[in-house]
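Here is the structure we will look at, set down as structure tokens.
The values are calculated or read from the model by the stated rules, or taken from the named source; none is laboratory data. Since this is a predicted model, take the numbers as computed values, not measurements. Because the Cβ atoms are built from the backbone with ideal geometry, glycine has one as well, and the counts that use them run over all protein chains shown.
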């Protein structure tokens, strides 16, 4: 199975559910479709307990933030509605790759660069507008406030990362020798390729704390990028033992982010050979004991 297609289907369903009103589903089901339906098509695996726990915790935090933001949004909506009552209606945006002179695209790209370099609190909206070559009023035409802008930037970059990691990534046949390692190293290579190709996006996504401003839709996208990896890790854990799946994913991700950071600071030459060596080392760090035992030569008795 293509894990990227699974993530896309599940994320679309989850986001659509989050936008509907009056839904009477449990928190973790509402957060991500696999919690209710299981990892459909993923070799019959059900949703891992680790995923359900993460989703439930995220949903509780999102509910608390949504309650606070909802009151502010309703107050803001009244003021904004009065201002825009007489504004002309714009034609709907077309789907597909944005045009070169797309002002919204320019704002997103400029905001990504500035958020990556300065962080959320160090970036002012007028500075983003200036960097994008548009007026501040034009920026506010597309994004009502700074929090909406940073969430749009986050979703835009996270979707590209999700695509880079998961598109056409096969669900591994873990019963085959070496399949787990090959899959792990492929994910590692894809992560390295994305970090090299989009350094601003990687720095913004993975080297900053987004907890205080991410909305529910952004969290759905975030979870859709990691849930397929957790599902495969859970199957490997059930088959071969070892550390908990969420611990393994955290160790892998943290190791890679640390490498990129020291490389950016000039403490390490992070070339292809160094990344490959690091991937092999990281696999040995998290490899299940059953897999290690299978690789060991048979013990010979003395005499």
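Against the numbered list (1) surrounded by 13 or more Cβ atoms within 10 Å (Cβ to Cβ); (2) modelled with pLDDT of 95 or more; (3) more than 22 Å from the chain's Cα centre (by Cα), residue 110 comes up short only at (3). Tell me, yes or no, whether the stretch 148-162 has at least one residue that is assigned to a helix (DSSP H, G or I) and over 20 Å from residue 210 (Cα atoms). Within the stretch 148-162 (the criterion being assigned to a helix (DSSP H, G or I) and over 20 Å from residue 210 (Cα atoms)), the answer is no, since none of the residues qualifies.
Restricting 194, 204 to residues that are within 20 Å of residue 276 (Cα to Cα) and under 16 Å from the mean Cα position of the chain (by Cα) narrows the list to 194. Of everything in the stretch 215-232 that is more than 12 Å from the chain's Cα centre (by Cα) and under 21 Å from residue 145 (Cα atoms), the residue that is surrounded by the most Cβ atoms within 10 Å (Cβ to Cβ) is 216.
Would you be able to tell me the number of residues in the stretch 113-168 that are without any contact (Cβ under 8 Å) to a residue 24 or more places away in the chain, surrounded by fewer than 16 Cβ atoms within 10 Å (Cβ to Cβ) and more than 20 Å from the chain's Cα centre (by Cα)? Residues that pass the stated criteria total 10.
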